[in-house]
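Engineer: Encoded as structure tokens, here's the structure I'll be asking about.
Readers should treat all values here as calculations from the given coordinates under stated rules, not as data from a laboratory. Here the structure is a predicted model, which is why all the values come from computation and not from measurement. Ideal geometry is used to build each Cβ from the backbone, glycine not excepted, and the neighbour counts take in all protein chains shown.
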């Protein structure tokens, strides 16, 4: 290495790029080693800070608040992770525009149904006034307000409900529900299955993608594949629309008129495509 520097300085002096007899720097190999180590430590530190996303960085993330002020219509929205929320009238939901790497945290009051996208590395956490709900990938209905009322019914998967004031928690499985009674989480079986589908007969979508609307129609209204897009590029088209409990032909007609599409029938499936 020293010989290489000597050759460099000799050439630079010959071409008058540096003064003759200038201090010829010698690089200590230990200096190089410690410099590389310092750079590596800085890189690891920055990466760790980015991954854990501490509170000071989360404060810079925009918070989104959804509030359903419509009468007798359920507000359907897609969350940043692809999960769906069916927000009943009067309900309020607050969440970050981008979920953290370690968890998906939301604040909620009112009544809503959640269809949660599965992510084993990031639990889906719903904070209410008195109870915290933890899930990974499931679907459930929750009803709560500030006067200590709380109800939760699970359609699929497993949900953990934890009482904030005391170290009490309960796991609620498919077909079960839990209520807050006298500061106690009381679990029972769901007797009226209609509680899980309450309000789905009038759905309001605000600036929602066509792909998500069709997903909701197929899974929540009909329970099977009824509408299909011929061109997947159409799924990103955005629309604001209200769909009541109607025939699939009528829903297809509404979507086609709004986006200038055409519908064709193949058996029990309606295909939507460009004109």
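Engineer: Checking the condition surrounded by fewer than 16 Cβ atoms within 10 Å (Cβ to Cβ) and under 26 Å from residue 132 (Cβ atoms), which residue from 194, 257, 201, 183 passes? I'd like the intermediate steps shown before the answer.
Structural biologist: Values: 194 fails: under 26 Å from residue 132 (Cβ atoms); 257 fails: under 26 Å from residue 132 (Cβ atoms); 201 fails: under 26 Å from residue 132 (Cβ atoms).
Selected residue: 183, the only one of 194, 257, 201, 183 that is surrounded by fewer than 16 Cβ atoms within 10 Å (Cβ to Cβ) and under 26 Å from residue 132 (Cβ atoms).
Engineer: Is it the case that the range 179-199 has a residue that's touching a residue at least 24 places away in the same chain (Cβ under 8 Å), within 24 Å of the chain's Cα centre (by Cα) and part of a strand (DSSP E or B)?
Structural biologist: no
Engineer: I'm trying to understand the selection: among the residues of the range 207-224, which are exposed (fewer than 15 other Cβ atoms within 10 Å of the Cβ) and in contact with a strand residue (DSSP E or B) (Cβ under 6 Å, 6 or more places away or on another chain)?
Structural biologist: 207
Engineer: Give the number of residues within the range 76-94 that are crowded, with 22+ Cβ neighbours inside 10 Å and out of contact with any helix residue (DSSP H, G or I) (no Cβ under 9 Å at 6 or more places or on another chain). Don't jump to the end; show me each part of the working.
Structural biologist: The initial filter retains those residues of the range 76-94 that are crowded, with 22+ Cβ neighbours inside 10 Å, namely 76, 83, 85-87, 91, 93.
Then drop every residue that is not out of contact with any helix residue (DSSP H, G or I) (no Cβ under 9 Å at 6 or more places or on another chain), which leaves 83, 85, 87, 91, 93.
Counting residues in the range 76-94 that are crowded, with 22+ Cβ neighbours inside 10 Å and out of contact with any helix residue (DSSP H, G or I) (no Cβ under 9 Å at 6 or more places or on another chain) gives 5.
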